[in-house]
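First the structure, in the form of structure tokens, and then the observations on it.
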2 protein chains.
Amino acid sequence: MTTAPATPRTRARRGEGDRLRDELLEATEQLLVEAGEAAVTVRAVAARVGVSTPAVYLHFADKQALLDAVCLATWVGLSAAMRAAAEGIADPFEALRRRGLAYVQFGLTHREQYRVLLMRPHVDCTDPDCPVLAAGQRACDELTAAVERCVEQGVFRVADPSDTTLALWAAAHGVVSLVISGAIPAMERADIDALAAMAIEMAGLGAALRTRLPDDADDRGICKDSAALVAGLDLLAVGLPQG
Amino acid sequence: MTTAPATPRTRARRGEGDRLRDELLEATEQLLVEAGEAAVTVRAVAARVGVSTPAVYLHFADKQALLDAVCLATWVGLSAAMRAAAEGIADPFEALRRRGLAYVQFGLTHREQYRVLLMRPHVDCTDPDCPVLAAGQRACDELTAAVERCVEQGVFRVADPSDTTLALWAAAHGVVSLVISGAIPAMERADIDALAAMAIEMAGLGAALRTRLPDDADDRGICKDSAALVAGLDLLAVGLPQG
DNA sequence: CTGATAACTTGACGTCGCTAACTTAGCGCC
DNA sequence: GGCGCTAAGTTAGCGACGTCAAGTTATCAG
């Protein structure tokens, strides 16, 4: 099963010990994608590279460190995908929407990596300068900046955009996570994409709308009276852009 | 570490073989809550009940079946919590909001169970009449019914409420899942609760608003022009109930 | 040519999920 | 009241896992 490479692997030269590190990382990600998290074994990774098992521990503290490295790469890829999706979009709200769609798209096309990144048993990264947490923070900061641009345009009316960012992130993550977990069993890819678009638009529009409600809304719940809410929203429908 | 009980456990009588089954299940959940998923070992569970390890396999096919049983109980508890929260609330939108809050609350007070339920490595329950999937479906159906009541009142204007249900579920799940995963590191409980309330209200309001937008919105993205959106929303603010 | 040492390998420990084969306790039955 | 069937367990062990201690081999400075 765990195919050893044809070339028995030449030992690394004196200075280039990190070569194996890169190969191990690549093998880990390949194994993860091809056979799932359960198949990612220190033994299997080592075998795939063509090296003995304990050799892994010369370059990674433990199995967790190996997966952490994959997480780091995943954060970078996720950030890049979102950035690329928003590139050249002038309107900040539309740019934010595209970021959200790109997030879900990336998550669904990198399911195993996403699972390891955000659905793992426990990431007790108590270390404050943990590189994978830092990468996540950076990705979140980029999203916050995108939200901030919406605030500047008056789409969101909030003093601190970070809460809004988290809530939007939760909406996108919720879709990816639910689909990956298998809680939503039979669903075509097209349906999933439609759901993602819907959830993201809901979150975006909801954020814009929520900040325009009276301040005491938090205490009493927003619009206890559905009838009043319906009346208000119907009034809005006239005022919104139609095409 | 794995403390055996003081009473060495009397063997079950002839007919009551299921007694051990219940004890194993209880021990599993306790172990899960007290020491986390990693501590849930077939050996540890058996030791806690005071029985030999293979005895577990007389009542559960494998470790997965043991965890599945916990999942089943968790689904039931989650459903009950949502139902209790909505009980006696006449307004359907407010009832839906309370259901969402109860969902997040339950998830955060049953983190380990929630993790096992919806953040597990893989739930390849291909079996169509898998009881845990069925329980999830039942919980989802209840939520759909709550959404349907909002549709009847005109809060949501959709033909099929199931998509809306999934999107709302995703919003609530997203918050729980993000917090549990540790992606949002330092956060007080009060802040988390506030975030949850915000995310749920955003999703609910967004759903109500989205269905009032023109039909071609899906193709071109909703409100490409932020300025127009802002103008429309500000118009709305006047019409909405203020107190 | 020769050490020093970076880059590995061999072998093993303890724990895991799970199985096969054996043992013991309760109950119907003649 | 002893007998035998079988439900309800136990003992022993397999292969795979993460990880470590100690030994080995290849490379390069001198």
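Quick notes
- Some residue of region B:64-75 being hydroxyl-bearing (Ser, Thr, Tyr) and either within 9 Å of DNA strand C (Cβ to nearest atom) or farther than 30 Å from A:Met119 by Cβ (or both): no
- Test result for B:Ala237, touching a Lys or Arg at 6+ places or on another chain (Cβ under 9 Å), part of a helix (DSSP H, G or I), surrounded by 16 or more Cβ atoms within 10 Å (Cβ to Cβ) and modelled with pLDDT under 70: yes
- Only residues that are within 14 Å of chain B (Cβ to nearest Cβ) and within 8 Å of DNA strand D (Cβ to nearest atom) were counted across region A:46-71, and they come to 3.
- Number of residues in region B:142-176 that are more than 22 Å from A:Ala197 (Cα to Cα) and either assigned to a helix (DSSP H, G or I) or among the polar types (S, T, N, Q) (or both) equals 6.
- Lone unmet requirement of (1) within 28 Å of B:Gly154 (Cα to Cα); (2) within 7 Å of chain A (Cβ to nearest Cβ); (3) not polar (S, T, N, Q) for B:Ala196: (2)
- In region B:1-45, the residue that is nearest to the other protein chains (Cβ to nearest Cβ) out of those that are near DNA strand C (Cβ under 9 Å from one of its atoms), surrounded by 11 or more Cβ atoms within 10 Å (Cβ to Cβ) and at pLDDT below 95 is B:Thr2.
- The listed residues are B:Ser52, B:Ser79, and the only one of them that is within 17 Å of the chain's Cα centre (by Cα), farther than 15 Å from B:Gln30 by Cα and of a type in the set (Ser, Thr, Tyr) turns out to be B:Ser79.
- Filtering region B:154-161 for residues that are facing chain A (nearest Cβ under 10 Å) and under 20 Å from A:Ala172 (Cα atoms) leaves an empty set.
- Summed over region A:86-114, residues that are in contact (Cβ under 8 Å) with a residue 60 or more places away in the chain and of a type in the set (A, V, I, L, M) total 5.
- A search for C-beta distances below 6 Å between a residue of region B:124-141 that is closer than 16 Å to A:Ser181 by Cβ and small (Gly, Ala, Ser) and any residue that is at pLDDT below 95 and surrounded by 13 or more Cβ atoms within 10 Å (Cβ to Cβ), counting only pairs 6+ apart in sequence or on different chains, returns B:Gly136/A:Ala183.
- Residues (more than 8 Å from chain B (Cβ to nearest Cβ) and modelled with pLDDT under 95) located in region A:199-216: A:Thr211, A:Asp215
- Residues of region A:177-210 that are more than 18 Å from the chain's Cα centre (by Cα) and outside any helix (DSSP H, G or I): A:Ala183, A:Ile184, A:Pro185, A:Ala186, A:Met187, A:Glu188.
- Where helices (runs of 4 or more DSSP H) fall wholly inside region A:6-114, the ranges with 2 or more residues that are touching a Gly at 6+ places or on another chain (Cβ under 8 Å) are A:63-86, A:92-109.
The values are calculated or read from the model by the stated rules, or taken from the named source; none is laboratory data. The structure presented is a predicted model; accordingly, all values stated were derived computationally and were not measured. Don't worry about glycine lacking a Cβ; one is built from the backbone with ideal geometry, like all the others, and counts go over all protein chains shown.
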